[in-house]
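J.: Would you mind keeping the following structure in view while I ask a few things?
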Amino acid sequence: MRRFLSAAAAVIQPAKLAGILAIWCITLMYVLFQGGKTSFMLFIMVSVLLIYLIVGGLGGVRRARGSRSLYSEQDKPDLLYAGGYLRVKLNITIPGFLPLPYVVVREILRRHNGESWVFEESVIPSMRGIGELRFQTPMLERGSYMFSETDILSEDIFGLVEHKGKFMAEGHFRVLPRAIFVPRWQLYERKSRLAGPQVSLVQSRRETTQINGVRDYVYGDRLTRIHWNATAKTGSWKSKEFEHESVPKTMLVLDGSASAYASSNQFELAVSVTASLLGFGVRERIGIGLCCLDRATKVFTPAESGAERQKMIQYLIDINAEGRGPLVSRLEKGQLMFPKGSYFVLISPQSGKPVLDTLRWAESRGMTPSHLHVRNPSGMSRNTDWIDVLRSHNISGYNIRSLQELPAVLGGDL
């Protein structure tokens, strides 16, 4: 008996358990000293109630279990982009035969940077103890997300005691950074004045008339590129792949300095710009690499394949602005992976001497530098003074204040 009482005390509030036991002792004394049918029936009712509360505390929601399903708008949670949301379905099974009027389910969704959201809803389980909870997450930003342990609470049918339980239902997903379609980039156009003095020595990236094979359809491909025979045979859209003229490789350098960004939105804009340019490189079959100057310097060598681009995008999901120190000293840690003769594109909100030193460092190693100046999205002034300074040094520069204006800025329309 002592073992059952200690177990019940672990799940029932001590004050309520003490009150219930006190009532039971009073009815027991009433039977022993008063006798009669009335006292005996009262004792039986209180005893049954006590047994019900103890059994309900030992089982029920304490042994609840569940499974979680995630659904996005495209039914592909692994391809969820920032700004999207997920629909969540949680199936709950509560073993036991005692009826429960309702249960309260509390879910906690955590992001990799420490942010969290709490979802709480009541569920009425069936007679077999099966319930289902459906809810929708808010619009999610770039990052890794995971559901913590699910809390489940219930009360007995008399509302006297509250029981608590926990179970773990797997729920982990990642949200890709925002990206926008970039149709053209002046940096790769023949004799572009914005690409610096060395661009006239390099042939622009143009397709030849020689078909090199067939590839999967990529959003933005022209109708004339569709390979109809391959599409009909495979049942999925295919595009013709043409050979390209040679073009220098490109290294995107994302500045992850903690002190450089005025707000988290400004850093998210820099990450989105980087992701958009990686997509441009894959579509145009340009060997494009990535260097992230975050807490540690991470370098991906230039590659044309979509698989390598996915590795870069996956790395961008968890990156935070936690870098410290001068840009040049952090770049030198990975300088051996920067191809000579490549384009060096710095994506940073900084300006002035630190940026000029970085661009000169790239130029001294045979690379063609340029700067994508990421402005604070809440700022109203475009401030072209810094771009004029860059052009006076024969270095291309772009002012980026929002992701939507990126295609026009890179295409020379702004």
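The values are calculated or read from the model by the stated rules, or taken from the named source; none is laboratory data. Source: prediction; values computed, not measured. Glycine gets a Cβ as well: all are built from the backbone with ideal geometry, and neighbour counts include every protein chain shown. Please note that ligands, DNA and RNA were not included when accessible areas were found on the heavy atoms of the full protein model with its side chains. Shrake-Rupley method; radii C 1.70, N 1.55, O 1.52, S 1.80 Å.
J.: Cβ under 14 Å from Ser276's Cβ, Ser276 left aside: what net charge do those residues give with Lys, Arg +1 and Asp, Glu -1?
T.: Values: positive: Arg142, Arg178, Arg184, Arg283, Arg309; negative: Glu268, Glu284, Glu405.
Combined, the nearby Lys, Arg, Asp and Glu give +2.
J.: Between Ala22 and Tyr219, what is the spin-label point distance in nm, taking each point 7 Å from the Cα along the Cα→C-beta axis?
T.: In this crude spin-label approximation the distance works out to 6.6 nm.
J.: Lys and Arg at +1, Asp and Glu at -1: add these up for the other residues within a Cβ distance under 14 Å of Gly129 and post the number. Display every interim value, and only then the final one.
T.: Numbers: positive: Arg62, Arg63, Arg65, Arg128; negative: Glu132.
Every neighbour counted, the sum reads +3.
J.: While we're looking at this one, here's another question. Of all the C-alpha pairs in region 333-412, what % are more than 15 Å from each other?
T.: Numbers: 1820 of 3160 pairs.
Considering region 333-412, 58 percent of its Cα-Cα pairs are separated by more than 15 Å.
J.: Let me ask something additional. Would you kindly state how much longer the chain becomes between Glu132 and Val31 on full extension, computed as 0.36 nm times their sequence separation minus their alpha carbon distance, in nm to one decimal? Working shown, then result.
T.: Details: separation 101, 0.36 × 101 = 36.36 nm, distance 4.58 nm.
In short, 31.8 nm is gained.
J.: Quick one: what does P(r) look like for region 305-347 with 10 Å bins over all Cα pairs, in whole %?
T.: 20, 43, 35, 1
J.: While we're looking at this one, here's another question. Any chance you could get the radius of gyration and Dmax over the Cα atoms of region 230-295, in Å?
T.: Reported Rg and Dmax, both Å: 17.1, 54.
J.: Stretched out fully, how many nm does the piece from Arg283 to Lys311 gain, at 0.36 nm a residue minus the Cα gap?
T.: Numbers: separation 28, 0.36 × 28 = 10.08 nm, distance 1.61 nm.
Taking 0.36 nm per residue and subtracting the Cα distance, the gain is 8.5 nm.
J.: Taking 51 Å as R0, compute the FRET efficiency from the Cβ-Cβ separation of Ser116 and Val389 and round it to 0.05.
T.: Numbers: r = 43 Å, r/R0 = 0.85.
Between Ser116 and Val389 the formula returns 0.70.
J.: Continuing with the same structure: Once you place label points 7 Å from the Cα toward the Cβ at His172 and Ser263, how far apart are they in nm?
T.: That separation, rounded to one decimal, is 3.3 nm.
J.: Separate question: Could you calculate the FRET efficiency of Arg184 with Ser67 from 1/(1 + (r/R0)^6), where r is the beta carbon distance between them and R0 is 41 Å, rounded to 0.05? Walk me through the intermediate numbers first.
T.: Numbers: r = 48 Å, r/R0 = 1.16.
In this case the efficiency is close to 0.30.
J.: Specify, per residue and in Å³, the volume enclosed by the convex hull of the alpha carbon atoms belonging to region 263-379.
T.: 102 Å³
J.: So which GluC sites (Glu not before Pro) in region 279-342 are both in a DSSP loop and have at most 12 other Cβ atoms within 10 Å of their Cβ?
T.: Numbers: sites: Glu284, Glu304, Glu308, Glu322, Glu332; in loops: Glu284, Glu304, Glu322.
For GluC sites (Glu not before Pro) across region 279-342 that sit outside H, G, I, E and B with at most 12 neighbouring Cβ atoms in 10 Å, the list reads Glu322.
J.: Residue by residue through region 400-407, which ³J(HN,Hα) values in whole Hz follow from phi under the Karplus form 6.51 cos²θ - 1.76 cosθ + 1.60 (θ = phi - 60°), with glycine and proline marked x?
T.: Karplus-based 3J(HN,Hα) across region 400-407 equals 10, 10, 8, 5, 5, 8, 4, x Hz.
J.: What does the net charge come to around Asn229 if you take all other residues with beta carbon closer than 11 Å to its beta carbon, with K and R at +1 and D and E at -1? Could the numbers behind the result be given before it?
T.: Details: positive: Lys233, Lys238, Lys240; negative: none.
In short, +3.
J.: Could you give the accessible area per residue of region 287-380, probe 1.4 Å, as a whole number in Å²?
T.: 43 Å²
J.: Want the number for Met45 to Leu356: 0.36 nm per residue separation, take away the alpha-carbon distance, what's left? Kindly include the intermediate steps, with their values, before the conclusion.
T.: Values: separation 311, 0.36 × 311 = 111.96 nm, distance 8.55 nm.
Full-extension gain reported as 103.4 nm.
J.: Tell me, how many Å apart are the Cα centres for region 276-304 and for region 118-148?
T.: 37 Å
J.: Just for region 241-363, what percent of DSSP beta bridges are antiparallel, to the closest 5?
T.: About 30 percent, rounded to the nearest 5.
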